[in-house]
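Presented below is the structure to which this report refers.
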Amino acid sequence: MKKTAEIVIIGGGMAGLATAYNLATMGMKDIVVCEKSYLMSGSTGRCGAGVRAQWGTEMNCLLGKASIEIFENLNEILDYEGDIEFKQGGYLLMAITEKEVEQFKKNIALQNSLGIKSVLLTPQEALDIVPELNIEGILACAFHQKDGHANPFHTMIAYAEAAKRLGVEINTFTEVTGIIVENNRVKGVRTNKGDIMTDKILIAAGAWSRDIGAMAGVDIPVRPERHQILVTEPVNPKLGPMIMSFAGNIYLQQEPGGEFIMGFGPAEHETYSVTSTWDFIETMCKKAVRYLPYMKNIRIVRQWSGLYEMSPDAQPILGKADGVEGVYIATGYSGHGFMFGPITGVLMAQYILGMPTSIPIDKLDLGRFERGELIFEPSVV
Ligand SMILES: Cc1cc2nc3c(=O)[nH]c(=O)nc-3n(C[C@H](O)[C@H](O)[C@H](O)COP(=O)(O)OP(=O)(O)OC[C@H]3O[C@@H](n4cnc5c(N)ncnc54)[C@H](O)[C@@H]3O)c2cc1C
């Protein structure tokens with residue numbers, strides 16, 4: 001393991017690896033990634049891996065749209081011999097309350113103004129896209145064909161291999177246990193395998209980011225929230241888009257291999273627990289069958305859970321810490337860090353290198369919480 005580095009990136013998930021790769025392509029040398037377990041052991045290896053541009057805040061729309069453009073070409077960009085399996089079957093968002101219909105109209109106007117070609121559909125029109133959808137209780141739908149789904153494991157292997165080819169050192173089972181700060185400047189990180197001297201760190205530690213921030217004396221208001229998810233046996237492809245309801249609290253999609261992946265967002269207390277429950281399976285099955293009655297004959301093969309890294313306004317925290325020189329932050333994705341990963345990797349690399357960012361990220365800085373400049377994202381499960 002290197003003893004000195006130009007930057008130490010803490011976290012071997014989507015945020016850390018995508019930023020490491022982009023920093024290396026932009027010319028930074030001596031990039032070291034420290035991951036306390038195996039790569040993708042955090043949320044990235046546990047996620048639903050849906051990718052969408054249909055959001056309710058301008059910032060999230062821009063991040064989603066730009067990431068989709070990268071996902072479309074990611075095999076080539078990363079020179080990956082495998083396939084990240086990016087399938088663009090769209091997202092069909094279902095409104096079940098009048099308030100949601102109004103919100104969808106606002107969202108679509110915003111999205112269209114940013115070049116995202118989403119449309120509002122009647123429930124009857126939604127049947128052209130998902131003929132087996134039970135439209136009872138659905139008042140309207142929003143649809144964007146370019147949204148989709150990728151394979152998170154292939155995506156991360158592709159980033160990690162590309163980063164390594166460019167000289168990035170990736171240390172797994174290397175836990176950061178402390179940050180050395182002198183005179184309000186980062187001087188290094190302590191790990192279970194020894195110290196690495198550096199004047200820059202990137203906190204990309206997902207749901208654990210608050211703990212890492214505390215090691216440097218920086219408060220990052222990210223809390224862990226357990227989300228459960230399950231996968232079924234593979235069956236013949238039937239479902240094109242991801243179907244999702246915010247008020248109904250469900251997302252459900254079919255992978256290219258035929259398995260259905262689905263989850264919902266129970267309100268849970270702050271926890272690092274990633275255990276699974278029977279209650280989840282029972283409620284999940286009822287929700288799935290309510291929208292797609294044919295699901296009742298499909299068997300579940302596995303369930304697991306992972307952590308959302310929730311920020312107070314459900315939008316990412318990108319930038320640096322005021323007060324301690326050399327602390328950069330890419331976290332707080334609030335359950336959407338897989339899809340935002342490709343573009344935030346680019347933006348964080350530009351930012352760390354002092355270049356203008358291709359999308360302005362100043363509104364996503366850590367200071368917004370103290371300034372009270374939160375813009376709440378309404379379109380989350
Ligand atoms: C059930 C579920 C479904 C989801 N579905 C979607 C979806 O459909 N689309 C989407 O975009 N997102 C989804 N997400 C969210 C997505 O998984 C996360 O937002 C994203 O993976 C965050 O990536 P990250 O790199 O910031 O964090 P992580 O992948 O969690 O990586 C952080 C890493 O930091 C490491 N770490 C922590 N502490 C230390 C330390 N002290 N030293 C060294 N390393 C440390 C951890 O081990 C971890 O590997 C879902 C999440 C869950 C749980």
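If the convex hull of the alpha-carbon atoms of the stretch 207-251 is projected onto planes in all directions, what is the mean projected area in square nanometres?
Numbers: hull surface 21.7 nm².
Dividing the Cα hull surface by four gives the mean projection, 5.4 nm².
Once the convex hull of the alpha carbons of the stretch 1-69 is built, what does its volume come to per residue, in cubic angstrom? Before the final figure, lay out the partial values.
Numbers: hull volume 7.6 nm³, N = 69.
Cα convex hull per residue, to the nearest whole number: 110 Å³.
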Residues listed by number, the stretch 144-177, amide nitrogen under 14 Å from N192 label point at 7 Å toward C-beta: 171-177
Centre separation in Å (Cα based) which lies between the stretch 307-381 and the stretch 92-132: 27 Å
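State the dimensionless ratio Rg/Rh of the stretch 86-126 (Rg: radius of gyration of Cα atoms; Rh: Kirkwood radius).
Numbers: Rg = 11.1 Å, Rh = 11.2 Å.
That ratio equals 0.99.
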Relative contact order of the chain (C-alpha contacts under 8 Å, at least 6 apart) in percent is 23 percent
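Taking only the C-alpha atoms, wrap a convex hull around the stretch 339-381 and report its volume per residue in Å³ as a whole number. Please list the in-between numbers first.
Details: hull volume 4.1 nm³, N = 43.
Output value, Cα hull per residue: 96 Å³.
Calculate, in whole percent, how much of the Cα-Cα pair population of the stretch 253-381 lies beyond 26 Å. Mind showing how you got there, number by number?
Working: 3280 of 8256 pairs.
Cα-Cα pairs in the stretch 253-381 separated by more than 26 Å: 40 percent.
For the stretch 242-300, what % of the accessible area comes from carbon and sulfur atoms, probe 1.4 Å? Mind showing how you got there, number by number?
Values: 1580 of 2800 Å².
So the carbon and sulfur contribution to the accessible surface is 56 percent.
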Cα-only Debye scattering, the stretch 89-241: base-10 log of I(q)/I(0) at q = 0.14, 0.17, 0.20 Å⁻¹: -0.94, -1.06, -1.24
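Any chance you could list the semi-axes, whole Å, largest first, of the equivalent ellipsoid that the Cα gyration tensor gives for the stretch 211-303, using √(5λ)? Provide the component values of the computation, followed by the final result.
Numbers: eigenvalues 195, 38, 33 Å².
Working from the Cα gyration tensor, I get semi-axes of 31, 14, 13 Å.
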Tell me which residues come under 5 Å, amide H to amide H, from K320 once H is placed; ignore anything under 5 positions away on its chain. I329, L366
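How much accessible area per residue does the chain have, counting only protein heavy atoms and a probe of 1.4 Å, in square angstrom?
Numbers: 15580 Å² over 381 residues.
Value returned for the chain: 41 Å² of accessible area per residue.
Tell me, what % of the accessible area of the stretch 141-238 is carbon and sulfur with a 1.4 angstrom probe?
Details: 1970 of 4050 Å².
Whole-percent figure for carbon plus sulfur exposure: 49.
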So between N183 and K363, what do we pick up on full extension, going 0.36 nm a residue minus the alpha carbon distance? 62.0 nm
Rh by Kirkwood over Cα pairs, then Stokes-Einstein D for the chain at 0.890 mPa s and 25 °C, µm²/s: 116 µm²/s
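In square nanometres, what is one fourth of the surface area of the convex hull spanned by the alpha carbons of the stretch 305-381?
Details: hull surface 23.1 nm².
Across all orientations, the stretch 305-381 yields a mean hull projection of 5.8 nm².
If eta is 0.890 mPa s and T is 25 °C, what Stokes-Einstein diffusion coefficient results for the stretch 112-176, Kirkwood Rh from Cα pairs, in µm²/s?
On the way: Rh = 16.1 Å.
My calculation gives 153 µm²/s for D.
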Cα radius of gyration and Dmax for the stretch 1-148 (Å): 19.4, 62
Could you tell me what fraction of 2.2 N^0.38 Å the Cα radius of gyration of the stretch 284-346 comes to, as a two-decimal ratio? 1.73
Largest first and to the nearest Å, give the Cα extent of the stretch 137-217 along each principal axis. 58, 33, 20
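Lys pairs in the stretch 220-349, Cα-Cα under 19 Å, at least 8 apart or on separate chains: how many?
Numbers: K238/K287; K238/K296; K286/K296; K287/K296.
Lysine pairs meeting both conditions in the stretch 220-349 amount to 4.
The values are calculated or read from the model by the stated rules, or taken from the named source; none is laboratory data. Since we're looking at a predicted model, the values are computed, not measured. Here Cβ is always computed from backbone atoms with ideal geometry, including for glycine, and neighbour counts include all displayed protein chains. These accessible areas exclude ligands, DNA and RNA; they are computed on the full protein's heavy atoms, side chains included. Shrake-Rupley method; radii C 1.70, N 1.55, O 1.52, S 1.80 Å.
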